[in-house]
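Here's the structure, in structure tokens; my notes come after.
The values are calculated or read from the model by the stated rules, or taken from the named source; none is laboratory data. Treat the numbers as computed from the prediction; the structure is a model and nothing was measured. So basically every Cβ, Gly included, is an ideal-geometry build from the backbone, and we count neighbours across all protein chains shown.
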Amino acid sequence: MSHNIPKKLQEQFIEWMDLNDPFNEDMPDGAWFAFLEDLAQQFMDTNKVKGDNNEAVHFYLRKAQEK
């Protein structure tokens, strides 16, 4: 799966997502994922990144698993 976060913004994107990720055990998975999509879209809008926020979230989750 591809993603649309430019290489120069990837570290900043991961930091943004980590700081704002509301993950907790009580939040339903669908609600949590929708929240992450909104966060990704905010970052993309602020940094004028075009593309799919869903793909950006999948990129974030893959990177989070690598930690």
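Do we have any residue at all in the stretch 12-26 that's part of a helix (DSSP H, G or I), at pLDDT 95 or above and surrounded by fewer than 16 Cβ atoms within 10 Å (Cβ to Cβ)? Among the residues of the stretch 12-26, at least one is part of a helix (DSSP H, G or I), at pLDDT 95 or above and surrounded by fewer than 16 Cβ atoms within 10 Å (Cβ to Cβ), which makes the answer yes. Which one is modelled with the lowest pLDDT among residues in the stretch 43-67 that are out of contact with any Leu (no Cβ under 8 Å at 6 or more places or on another chain) and in a loop (DSSP other than H, G, I, E, B)? Once the filter is applied, the top-ranked residue is LYS67.
Residues in the stretch 1-57 that are touching a Pro at 6+ places or on another chain (Cβ under 7 Å) and β-branched (Val, Ile, Thr): VAL49 alone. Listed by first and then second residue, the pairs linking a residue in the stretch 1-30 that is in contact (Cβ under 8 Å) with a residue 24 or more places away in the chain to a residue that is part of a loop (DSSP other than H, G, I, E, B) and surrounded by 12 or more Cβ atoms within 10 Å (Cβ to Cβ), with Cβ atoms under 6 Å apart and 6 or more places separating them unless they lie on different chains, are ASN4/GLY51; LEU9/ASN47; PHE13/ILE5.
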